[in-house]
Amino acid sequence: MSILNADLHCHSVVSDGTMTPEDLAARAAANGVELWALTDHDEIGGQQRAATAARAHGMKYLTGTEISVTFADETVHIVGLGFDPDDLEMQRGLHETRDGRGPRAMEIGAGLAQVGIKDAYEGALRYVGNPALISRTHFARFLVESGVCRDTNEVFRRFLTEGKPGYVPHRWASLRNAVQWITQAGGVAVIAHPARYKFTANEEYALFTEFKAHGGRGVEVVTGSHTAAEYVRYAETAREFGLAASRGSDFHSPDESHTDLGQLPYLPGELTPVWDLLADRIQ
Ligand code: AMP
Ligand code: MN
Ligand code: MN
Ligand code: MN
């Protein structure tokens with residue numbers, strides 16, 4: 001059924017969100033979310049708390065994560081839903097994927113120091129809720145607080161994206177591994193916010209083709225970072241590739257996110273919702 005207020009993409013303090021899993025659950029429930037998933041970057045440390053809080057609010061829950069992948073020299077995000085959080089291969093894979101974040105963050109700090117922004121690594125650490133998961137978002141919050149930029153968007157534009165002084169190239173998980181970790185743990189792999197990647201038409205075709213070949217089964221169609229035209233475009237892509245469709249706000253923070261939990265249009269009716277594939281994994 002497409003007419004369901006499902007929000008299957010958001011972040012807590014366990015990655016780069018600003019709210020606890022419990023506060024997110026309360027906010028989702030207050031916004032009318034019926035089926036929820038917390039999808040922290042490369043982390044499942046918040047899953048038990050999220051599932052417990054969801055139950056307390058009478059919301060259905062699917063386990064979630066958002067895995068960082070490198071494909072065709074770009075970073076792609078793969079959301080995993082409904083997997084077994086105790087699966088050891090999955091845990092090992094996520095641990096490996098997170099591992100490079102510490103050294104990378106120190107390099108980001110060094111890059112910013114070269115343009116006169118001192119102690120950014122130490123500054124970013126003050127915003128980190130989980131020492132294993134330092135992200136560019138934490139640097140962005142520090143640069144806003146210290147008055148270097150007006151908002152996090154400006155920080156990314158001026159300092160943290162390719163070609164800018166705080167940009168550090170990084171190799172994340174392979175597409176094959178990310179999809180396999182999720183799938184072998186009983187979950188469904190979903191391409192997150194496909195419109196956000198700077199791919200040529202050929203590269204995007206390759207992404208969807210290889211994703212399917214590895215066992216991927218879903219794509220985000222309605223997400224906080226897609227325009228209405230992009231909903232239509234990726235609904236068409238979902239049909240073309242025979243993928244189920246997902247819906248998620250990608251909410252990070254009340255101060256930074258323009259799409260709140262559960263506040264998105266419903267999925268187009270003719271698509272198969274990803275939760276139809278996960279009926280037996282819903283808690
Ligand atoms: P990382 O995994 O450390 O590379 O950080 C990626 C995160 O940075 C994403 O999940 C977003 O939360 C955030 N991000 C990326 N680009 C932007 C942007 N242009 N404006 C604000 N936040 C962004
Ligand atoms: Mn994020
Ligand atoms: Mn993402
Ligand atoms: Mn996200």
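The values are calculated or read from the model by the stated rules, or taken from the named source; none is laboratory data. Being a predicted model, the structure only gives us computed values, none of them experimental. For neighbour counting, all protein chains shown are included, and Cβ atoms are generated from backbone atoms with ideal geometry for every residue, glycine included.
Within the stretch 47-64, the set of residues being free of Cβ contacts under 8 Å to residues at least 40 places away in the same chain, within 20 Å of residue 130 (Cβ to Cβ) and not basic (Lys, Arg) comprises 47, 48, 50, 52, 53. Applying the condition of being small (Gly, Ala, Ser) and within 21 Å of residue 258 (Cα to Cα) to the stretch 122-152 and asking which residue is surrounded by the most Cβ atoms within 10 Å (Cβ to Cβ) yields 140.
For every residue, the table says whether it meets (1) within 16 Å of ligand 3 (Cβ to nearest atom); (2) part of a helix (DSSP H, G or I); (3) touching a residue at least 24 places away in the same chain (Cβ under 8 Å).
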position	(1), (2), (3)
45	no, no, yes
68	yes, no, yes
75	yes, no, yes
89	no, yes, yes
110	no, yes, no
121	no, yes, no
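Conditions (1) more than 22 Å from residue 193 (Cβ to Cβ); (2) more than 13 Å from ligand 2 (Cβ to nearest atom); (3) of a type outside the set (Phe, Trp, Tyr), marked per residue:
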| site | (1), (2), (3) |
| --- | --- |
| 14 | no, no, yes |
| 21 | no, yes, yes |
| 60 | yes, yes, yes |
| 78 | no, yes, yes |
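With respect to residue 83, is the statement that it is assigned by TED's automatic domain parsing to the domain that holds residue 253, within 14 Å of residue 190 (Cβ to Cβ), under 18 Å from the mean Cα position of the chain (by Cα) and of a type in the set (Phe, Trp, Tyr) true? When the stated conditions are applied, residue 83 passes them.
Counting only residues that are farther than 29 Å from residue 138 by Cβ and of a type in the set (Ser, Thr, Tyr), the stretch 155-209 holds 4 of them. Would you confirm whether any residue within the stretch 183-196 is over 22 Å from residue 10 (Cβ atoms) and basic (Lys, Arg)? Within the stretch 183-196 (the criterion being over 22 Å from residue 10 (Cβ atoms) and basic (Lys, Arg)), the answer is no, since none of the residues qualifies.
Residue 75 meets each of the listed conditions (1) of a type in the set (S, T, N, Q); (2) within 14 Å of ligand 1 (Cβ to nearest atom); (3) closer than 18 Å to residue 224 by Cα apart from (3).
Restricting attention to the stretch 143-185, the residues that are of a type in the set (A, V, I, L, M), under 20 Å from residue 246 (Cβ atoms) and either part of a helix (DSSP H, G or I) or without any contact (Cβ under 8 Å) to a residue 60 or more places away in the chain (or both) add up to 4. Among the residues of the stretch 153-169, are any within 16 Å of ligand 4 (Cβ to nearest atom), more than 15 Å from residue 72 (Cα to Cα) and exposed (fewer than 15 other Cβ atoms within 10 Å of the Cβ)? Looking through the stretch 153-169, at least one residue is within 16 Å of ligand 4 (Cβ to nearest atom), more than 15 Å from residue 72 (Cα to Cα) and exposed (fewer than 15 other Cβ atoms within 10 Å of the Cβ).
Across the stretch 28-39, a minimum of one residue is classified as part of a loop (DSSP other than H, G, I, E, B), under 19 Å from residue 256 (Cβ atoms), within 16 Å of ligand 4 (Cβ to nearest atom) and in the same structural domain as residue 186 (by TED's automatic domain parsing). Criterion applied to 17, 64, 116, 109 was being among the small types (Gly, Ala, Ser), within 16 Å of ligand 1 (Cβ to nearest atom) and outside the structural domain of residue 205 (by TED's automatic domain parsing), and the one residue passing it is 109.
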